[in-house]
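Enquirer: Provided herewith is a single structure, encoded as structure tokens, for subsequent inquiry.
The values are calculated or read from the model by the stated rules, or taken from the named source; none is laboratory data. Every value quoted in this text rests on a predicted model; they were computed, and no experiment measured them. Please note: Cβ atoms are built from the backbone with ideal geometry, for glycine as well, and neighbour counts cover all protein chains shown. Note: accessible area is taken over every heavy atom of the protein model, side chains too, but ligands, DNA and RNA are not part of it. Shrake-Rupley method; radii C 1.70, N 1.55, O 1.52, S 1.80 Å.
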Amino acid sequence: MKIAFYGSSLVSAYWNGAATYYRGLLRALATKGYDITFYEPDVYDRQKHRDIDPPDWCKVVVYDGTIEALKAAASEAAEADIVVKASGVGFEDDLLLEEVLRNARTQALKIFWDVDAPATLAELTGCSDHPLRRALAEIDLVLTYGGGDPVVTAYRSVGAADCVPIYNALDPQTHHPVPEEGRFTADLAFLGNRLPDREARVEHFFLEPAFRLPDRNFLLGGSGWQDKPMSANVRYIGHVPTRDHNAFNVTPMAVLNISRASMAENGFSPATRVFEAAGAGACLITDYWEGIELFLKPGDEVLVARDGQDVAALVAALSRRSAQEIGQRARMRVLAEHTYVNRAEVVDKIFRARLGARMEAAE
């Protein structure tokens, strides 16, 4: 079966948090016999910051950031059995959705894959004439990378025929234990770009604990923090390329996950970093969000903090040995239950069941 997948980028994680998710899921689906083509626009300098070469398990089509090129790429949806338009492609998303749906064959399975459901739903609920809301009547299924029942209910309330969460997961081929590297030494490390709906939470869950624990070392990675006031025990290292993420995760005593505000409020939305860190065997401290126990056991496989004071207390009480034990238990859990192979099994069953039912109805 042929899949035409329209997303932000497969070959570049530059300002593209969905890259790991796309790579893990599509590689796992390719092993099940799917012929996948990924269409991505050449915008935001992502092609200048590629961190992988085009893979052998998926054809990658990069089109210019122009209306003409977009329409040409969308016309190729006509050749696919399954057509996927992801959220947040980054160039004329509304027009791309319109063109993809216009070109898709009647019998093709048409999917909107939302990699930021809380943000998308906030737009839809506030605008009855939103292009996506109008298009839901033509879309067979909405898939999301998180959200649980609250997102499913919300999508159905705005007109989606159905919605199924396909959670983030671990790709053991890319995220795994590696030797420690001295440049990432710290008691607690956080990696994340500076974003408007994350900054206040980074202040609260990372910078505040650093101020509270002047005798501990903190490491901050990610783009945009260079002018942010921080205590002297915080070392800022800027952008950390994906090839260094494993070393960044395994070297500090613990690493911190801080959900974006919308994700934390919605719950059931584990970030990719949760599984990346666990896959490398890191001891993870995360802010609290509803549903975390579905993925890792609090206090045993992950440490959970409700505020900055909790983070400071957890770091102060943690030892290298106990941190390593927590990290190993987390790694065993995600390898058993939360890999992209596990997720692809779910997606494959959905695709085959829906296409099968469509073929039977057409006979």
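Enquirer: Quick one: which residues, 5+ away or cross-chain, put their amide H under 5 Å from the amide H of residue 36? H built at 1.01 Å from N.
Expert: Here the answer is 3, 59, since their amide H atoms fall under 5 Å of that of residue 36.
Enquirer: Hey, what's the range 62-221 come to in accessible area per residue, 1.4 Å probe, Å²?
Expert: Numbers: 6720 Å² over 160 residues.
Solvent-accessible surface per residue comes out at 42 Å².
Enquirer: If you average the alpha carbon positions of the range 79-156 and of the range 296-359, how far apart do those two centres end up, in angstrom?
Expert: Between the Cα centre of the range 79-156 and that of the range 296-359, the gap is 27 Å.
Enquirer: Full-extension gain between residue 353 and residue 313, please, as 0.36 nm times their residue separation minus the C-alpha to C-alpha distance. Numbers along the way, then the final one.
Expert: Details: separation 40, 0.36 × 40 = 14.40 nm, distance 4.90 nm.
Taking 0.36 nm per residue and subtracting the Cα distance, the gain is 9.5 nm.
Enquirer: For the range 194-248, just run the numbers: alpha carbon Rg, then divide by 2.2 N^0.38 Å, N being how many residues it has. Don't skip to the answer; put the middle values down first.
Expert: Numbers: Rg = 11.5 Å, N = 55, 2.2 N^0.38 = 10.1 Å.
Normalised Rg, Cα atoms only: 1.14.
Enquirer: Okay, next question. Grab the Cα-Cα distance for residue 52 and residue 79, subtract it from 0.36 nm times how many residues apart they are, and report the gain in nm with one decimal. Spell out each step's value before the answer.
Expert: Details: separation 27, 0.36 × 27 = 9.72 nm, distance 2.65 nm.
Length gained between residue 52 and residue 79: 7.1 nm.
Enquirer: Would you please give the FRET efficiency between residue 332 and residue 235, computed as 1/(1 + (r/R0)^6) with r the Cβ-Cβ distance and R0 = 35 Å, to the nearest 0.05? Walk me through the intermediate numbers first.
Expert: Working: r = 31 Å, r/R0 = 0.89.
Using R0 = 35 Å, I get an efficiency of 0.65.
Enquirer: Of all accessible surface on the range 292-363 at a 1.4 Å probe, what whole percent is carbon and sulfur? Spell out each step's value before the answer.
Expert: Details: 2080 of 3970 Å².
The value for the range 292-363 is 52 percent carbon and sulfur by accessible area.
Enquirer: Same structure, new question: Treating the beta-carbon of each Lys and Arg as +1 and of each Asp and Glu as -1, no other charges, what is the dipole magnitude of the range 205-363 about its Cα centre, to the nearest 20 debye?
Expert: For this selection, approximately 360 debye.
Enquirer: Can you give the relative contact order of the range 217-323 as a percent, counting alpha carbon pairs under 8 Å and 6+ residues apart? Mind showing how you got there, number by number?
Expert: Numbers: 122 pairs, mean separation 22.4, N = 107.
21 percent.
Enquirer: In addition: By how many degrees, between 0 and 90 and to the nearest 10, does the Cα long axis of helix 148-157 differ from the longest principal axis of the chain?
Expert: Roughly 40 degrees between the two axes.
Enquirer: For the chain, what is the calculated [θ] at 222 nm in deg cm²/dmol (nearest 500), taking -39500 (n - 2.57) for each run of four or more DSSP H residues and dividing by its residue count? All intermediate terms of the calculation are to be shown ahead of the outcome.
Expert: On the way: 14 runs with 139 residues, N = 363.
Roughly -11000 deg cm²/dmol at 222 nm, from the helical runs in the chain.
Enquirer: OK, next. Where in the range 104-140 does the label zone of residue 346 land, with the point 7 angstrom along Cα→C-beta and an amide N cut-off under 17 Å?
Expert: What the label zone holds, given the 17 Å backbone N cut-off, is 112-118.
Enquirer: Using the Kirkwood radius built from alpha carbon pairs, what does the Stokes-Einstein equation give as D for the range 1-132 at 37 °C and 0.692 mPa s, in µm² per second? Could the numbers behind the result be given before it?
Expert: Working: Rh = 15.0 Å.
Translational diffusion coefficient: 219 µm²/s.
Enquirer: Compute the Rg to Rh ratio over the chain from the alpha carbon atoms, using the Kirkwood formula for Rh, and round to two decimal places.
Expert: Values: Rg = 20.7 Å, Rh = 21.2 Å.
Result for the chain is an Rg/Rh of 0.98.
Enquirer: In the P(r) worked out for the range 256-336, what percent of Cα pairs fall beyond 14 Å? Walk me through the numbers before you get to the answer.
Expert: Values: 1877 of 3240 pairs.
Pairs farther apart than 14 Å: 58 percent.
Enquirer: Considering the Cα positions of the range 17-84, please state its Rg to one decimal place and its Dmax as a whole number of Å.
Expert: For the range 17-84, the Cα radius of gyration and maximum Cα-Cα distance read 12.6, 34 Å.
Enquirer: Taking H as built 1.01 Å from N, whose amide H comes closer than 5 Å to the amide H of residue 191, not counting residues under 5 places away?
Expert: When sequence neighbours closer than 5 places are left aside, the close amide H contacts are 221, 256.
Enquirer: Return the sequence-ordered ³J(HN,Hα) values of the range 217-228 in whole Hz as given by the Karplus equation 6.51 cos²θ - 1.76 cosθ + 1.60 applied to θ = phi - 60°, using x for Gly and Pro.
Expert: Along the range 217-228, the couplings run 9, 10, 10, 10, x, x, 8, x, 9, 4, 9, 7 Hz.
Enquirer: Further question: In whole Å, what three semi-axes, largest first, describe the equivalent ellipsoid of the range 107-235 built from its Cα gyration tensor (square root of 5 times each eigenvalue)? All intermediate terms of the calculation are to be shown ahead of the outcome.
Expert: Values: eigenvalues 312, 74, 26 Å².
Semi-axis lengths for the range 107-235 are 39, 19, 11 Å.
Enquirer: OK, next. Just need log10 I(q)/I(0) for the range 152-226 at q = 0.14, 0.22 Å⁻¹, Debye formula, equal scatterers on the alpha-carbon atoms, no solvent, rounded to two decimals.
Expert: The Cα Debye sum returns log10 ratios of -0.74, -1.06.
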